[in-house]
Amino acid sequence: MVKKIESKVAMLFVSVIFVCFWGFAEVFGHKNCQHDYPKHHEVSHTYVEPHHVIRKRNADQPLRIFLYYDQSVYNLDEERFMLINNTILPEAVNFWEKALFVRRADNVIRLTRCRAATQYFCIACRERTMCGEVEVPQDHLDACRVCDASGQYCGVFPGMPAGDGIPDFDFVFYVSAMQTERCNKSLTVAYARHCQQESGLDRPIAGHINLCPDSISTNRQELEVLLSTVKHEISHALGFSVSLYAFYREKDGTPRTERRRDTGQPYLNETLQAYQWSENVIKSYWRTWVVKDGYAKRQVHMMITPNVVREARHHFNCTELEGAELEDQGGEETALTHWEKRVFENEAMTGSHTQNPIISRITLALMEDTGWYIANYSMAGEMSWGKNLGCHFVMKSCKDWMDMRSSKGFSIHPFCNKVKRNPLQTECTDDRTSVALCNLVQYEQQLPRIYQNFDSLQNVGHESYYGGSVSLADYCPYIQEFTWRSNNVVDRGCHCQYTKNNPKPDKNFALEKYGENSLCFEHTNHVWEEKSCGPLRQWMHWGSGCYGYRCQNGRLNILVGNYSYECYHKNQELSIRITSNGFLHEGGIVCPSCEEICSKEFESRGEHCETDEEAPLSNFYPRDDDIQCDSNVAKAFLPLLVLLVAISKLV
C-alpha cells in the first residue's frame, strides 16, 4: 500500500538535527568494591553460649537479621529513606535470611564492652562501644565484667550493667547513612564489616553497614546496582572477608586453621593485621600464562574449601580445578576478599559491579564452608559466565582462550576483540538477554606484560596499549551491558526483558521491542535507515537489538513491528522493510539457530526444531512500499537536503 505523507518544512528541519547519533552510551562505568576489613584489634568476641553446647546443634534454622538504624538514616530525605527502608534493606536482608541456616542459640545477643582481655577474662571496658560509625545502645550491651591482671578481684564495673539484649535474632546489623570521608574518596555506594563474633564457634553476630547518601540514586534504572551492592556488603559482614578466613570451621565445628595455645586465636599476619588462615582454606598455585609474544609465570590464590571446590568444578566443567580463584588486584581492600573478575565476571562477590549481578552457588558454598551456615542453594542466581567452558577457560589466560578458539574457527565469546569507537557497534551477551558492547579500549600507557592479551588487532597498532576497560578482569575485553545516558542522566538500559528499556518511538530506528519475551538478535552488516519526506536518517549506533520471538511450527519466528519473520536456518539474513511513525525503516536481522532459542520450549511441548532448509526469497516476507511525498513538500525539502549535505561535510 502506498502512503501519502504531507510534512511541514519546520518538521523537515528538525529531522536534520537528529541525523546519525542519539544519546551517549555509558559502557564501561564500574566501581571497585573496597572492603575495608576490620583489623584484628577492632573485633571483639562476646559470649552467647558455651562452645560444647552450640557445637552440638544442627545448623537448620533460618538466619534472622535485626536492623538497628542510626539517627543518620532517619535524616535522609523522604524519597531516599523510603527507598532504603521499604525496598533495598528489606529485600537484601530477606535474601540472606532465606539463603542461610544457622545453629540457633537460646540466649539473647548482648555485645561485649571489653576493649582489653586475656584468653579468659576482661581487664578493661570501653566507655562507648562502637560498631563501625554507630554507637551501640546500652540496651544491647552486656555488663562490664572485669578482673585485675592476675585474674582476681572480678566483678561488674559500676554503671555498666547488662542490658536486655537482642532476643530472637542471630545477627544484628547497625545501619548508618553518613557522607563519610570514605564515601567521598572513591564514590562508594555502601560499605560494611563485622564488629563482634560469638566466642563459641567464632560466628559474626554483629556488623555495620554505611550507605553513602550522595550515592543513593532513586532512579529506577540504578536500583539493581544498589540492591546488589547491599547484598554484597552483607556477605562481607557474614563471612566473606579476609578478617574471617582464619576462623572458618569444618562442618562438625573443628577449626580449619590451627589455634595458638596461649590465646586460643589463630596466628597473626602482621602485614595484613588479620589472623592468618591455613592452606585448608586458601592455597596458592603457579600457572604458565600465555601473554603477548610469549609466556609468563603467574601466581593464583584459590579458595579450596570442599563445597567451593565441588561447585566450581561443576560450574566450569573442569575436574582439575583446585577451587575458586580469588581476586589478586585492587589493593588489600579488594584482593583476596572477592572472586577473580576474569573468571566470575557477573558474580556479585567480584570486586566491581559491571552487569546483571547474581549470588551464585559458589558464593553460597563459601558461606557454608565457614562452618557457621548451611546454604539454601535454591536461592542462587544462574551464572552463565564460564558455564561448562572447561579448564582451558578457567585455568588459563584469556589470550590463551581467544587464540585457541580462533585457531579452531570458534567464537571467542565471552571475550571479544572489537575496539570501542564511534560509531558504536553493539553485540549480544552470550545468553542473549541484553544488547552489549565489547569493552576493549586504548590506554595511555602500555599495560603490564602479564595483562597484554593481543599479538594483533584489526586496524590497530601498539596492541600492548589495548585491553578491557575492567582492570580487575586482567584487562581481558568482554561483552558488557551498558546504559544510554542523556545529559549524564540514565535514559534507559539495554537488558531486553525490561519493558522500561524500550526506546521512545521517535528514536526506535531499528524497531526494537523490550519485554519479558524478548531476546537480543544481531543485525546484518548494513546500517539501519529511516526514510521519509524529510532527510534520510542513518543511525550509526547499530549491530544488535532486542525483539520479541515465538517458537512455533518447529521454527524460530522473530517479531518486528507487527510482523513475524520465520527463520529457516542459522545465519539467515532477514530483510526488514516496515513503515512506522511516518518513517520507512530498512535494516536486517541475523537468525540464530532454532536449537539455541527454542529447543527447551519445544521439548517441554513434545516438539522439536525442524531441519534447516533454504530460505524463501526476500519478497516472501512482509515488505512495506516506499513512502510517496507531495510534490510541494519535495520542493520545500530540496534546500534542506543541500544544508544536510553541507552539515555532514563539516562534521
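The values are calculated or read from the model by the stated rules, or taken from the named source; none is laboratory data. Please read these numbers as outputs of a predicted model, since none were measured by experiment. Cβ sites come from the backbone with ideal geometry, for glycine too, and all protein chains shown count toward neighbours. Only protein heavy atoms, including side chains, enter the accessible area calculation; ligands, DNA and RNA are left aside. Shrake-Rupley method; radii C 1.70, N 1.55, O 1.52, S 1.80 Å.
Please give the net charge around ARG537, taking every other residue with its beta carbon less than 10 angstrom from that of ARG537, where Lys and Arg add +1 and Asp and Glu add -1. Mind showing how you got there, number by number?
Details: positive: LYS531; negative: GLU529, GLU530.
Residues near ARG537 contribute -1 overall.
Kirkwood Rh, the range 114-265, all Cα pairs: how many Å? Before the final figure, lay out the partial values.
Working: mean 1/r = 0.0560 Å⁻¹.
Hydrodynamic radius (Kirkwood, Cα only) of the range 114-265 equals 17.8 Å.
Going by average Cβ density within 10 Å per residue, which order do the peptides 371-380, 265-274 take, highest to lowest? Can you show the working numbers first?
On the way: 371-380: 18.6, 265-274: 15.4.
Packing order, densest peptide first, comes out as 371-380, 265-274.
Give me the extension gain from LEU559 to ASN58: residue separation times 0.36 nm, minus the current Cα-Cα distance, reported in nm with one decimal.
Values: separation 501, 0.36 × 501 = 180.36 nm, distance 5.31 nm.
Full extension from LEU559 to ASN58 adds 175.0 nm.
Mind giving me the nanometre distance, one decimal, between the label points for LEU536 and SER186, set 7 Å out from Cα along Cα→Cβ?
Placing both labels 7 Å along Cα→Cβ, they lie 5.1 nm apart.
Suppose every K and R has +1 on its Cβ and every D and E has -1 on its Cβ; what is the size of the dipole of the chain about the Cα centre, in Debye to the nearest 20?
Working: 68 positive and 83 negative charges, 107 e Å.
So the magnitude is around 520 debye.
When the accessible area of the chain is computed with all protein chains present and a 1.4 Å probe, what percentage of it is carbon and sulfur? Before the final figure, lay out each step's value.
Working: 14610 of 29920 Å².
The nonpolar share, carbon plus sulfur, comes to 49 percent.
Hey, if you put +1 on the Cβ of every Lys and Arg and -1 on every Asp and Glu Cβ in the chain, which of ILE450, SER593, ASN388 ends up farthest toward the positive end of that dipole?
ILE450
Given the peptides 407-414, 167-174, 327-334, arrange them by the average over their residues of other C-beta atoms within 10 Å, most packed first. Write out the running numbers ahead of the final one.
On the way: 407-414: 12.0, 167-174: 20.5, 327-334: 17.9.
Highest mean packing first, the order is 167-174, 327-334, 407-414.
For CYS125, what accessible surface area do you get with a 1.4 Å probe? Give it in Å², rounded to 10.
Per-residue accessible area (CYS125): approximately 30 Å².
Just the number, please: Stokes-Einstein D of the range 175-293 in µm²/s, Kirkwood Rh from C-alpha pairs, 20 °C, 1.002 mPa s. Show your work: numbers first, answer last.
Values: Rh = 17.0 Å.
The estimated diffusion coefficient comes to 126 µm²/s.
Taking K and R as +1 and D and E as -1, what net charge do the other residues with C-beta under 10 Å from the C-beta of PHE344 add up to?
Details: positive: LYS341, ARG342; negative: GLU325, GLU327, GLU340, GLU345, GLU347.
Around PHE344, the charge tally is -3.
Multiply the residue gap between TYR443 and ASN376 by 0.36 nm, knock off their C-alpha separation, and tell me the result in nm, one decimal place. Don't skip to the end; give the middle numbers.
Values: separation 67, 0.36 × 67 = 24.12 nm, distance 4.30 nm.
Value of the extension gain: 19.8 nm.
Any idea of TYR498's accessible area? Nearest 10 Å², probe 1.4 Å.
90 Å²
Before rounding to the nearest 500, sum -39500 (n - 2.57) across all DSSP H runs of length at least 4 in the chain and divide by the residue total; then give [θ] at 222 nm in deg cm²/dmol.
Working: 14 runs with 128 residues, N = 651.
Mean residue ellipticity, 222 nm, calculated: -5500 deg cm²/dmol.
May I ask you to derive the FRET efficiency for ASP293 and ASN269 from their Cβ-Cβ distance with R0 = 41 Å, giving the value to the nearest 0.05?
On the way: r = 37 Å, r/R0 = 0.90.
Between ASP293 and ASN269 the formula returns 0.65.
Dipole of the range 136-268, Cα-centred, from +1 at each Lys and Arg C-beta and -1 at each Asp and Glu C-beta, to the nearest 20 debye?
Working: 13 positive and 17 negative charges, 87 e Å.
With Lys and Arg at +1 and Asp and Glu at -1, about 420 debye.
Each label point is 7 Å from the Cα along the Cα-to-Cβ direction; what then is the distance between the points at GLU79 and LYS98, in nm?
So the two model labels end up 2.9 nm from each other.
What percent does the relative contact order of the chain come to when contacts are Cα pairs within less than 8 Å and at least six residues apart?
Working: 1410 pairs, mean separation 87.9, N = 651.
It rounds to 14 percent for the chain.
I need the per residue convex hull volume for the range 305-382, using only the alpha carbons, in cubic angstrom as a whole number. Present the calculation step by step, with values, prior to reporting the outcome.
Numbers: hull volume 7.5 nm³, N = 78.
Cα convex hull per residue, to the nearest whole number: 96 Å³.
More than 23 angstrom separation, counting every C-alpha pair in the range 233-337; what % is that?
35 percent
What are the equivalent ellipsoid semi-axes of the chain, built from the alpha-carbon gyration tensor (square roots of five times its eigenvalues), in whole angstrom, biggest first? Can you show the working numbers first?
Numbers: eigenvalues 599, 154, 107 Å².
Output for the chain: semi-axes of 55, 28, 23 Å.
What ranking, highest mean first, results for peptides 541-550, 210-219 when packing means the other Cβ atoms within 10 Å averaged over each residue? Before the final figure, lay out the partial values.
On the way: 541-550: 22.0, 210-219: 18.1.
Output ranking for 541-550, 210-219: 541-550, 210-219.
Between LYS500 and LEU67, 0.36 nm times their residue separation minus their Cα-Cα distance comes to what? Please report the intermediate quantities before stating the final value.
Numbers: separation 433, 0.36 × 433 = 155.88 nm, distance 3.21 nm.
My answer for the length gained is 152.7 nm.
Compute the accessible area per residue over the chain, keeping the other protein chains in place, probe 1.4 Å, unit Å². Walk me through the numbers on the way to the answer.
On the way: 29920 Å² over 651 residues.
Value returned for the chain: 46 Å² of accessible area per residue.
Quick one: angle between helix 631-650 and the longest Cα principal axis of the chain, in degrees between 0 and 90, rounded to 10, please.
Roughly 50 degrees, rounded to the nearest 10.
Could you pull out every residue, at least 5 positions away or on a different chain, whose amide H is within less than 5 Å of the one on LEU100? Hs are placed 1.01 Å off N in the peptide plane, and Pro or chain starts have none.
It is LEU63, ASN376, by chain and number.
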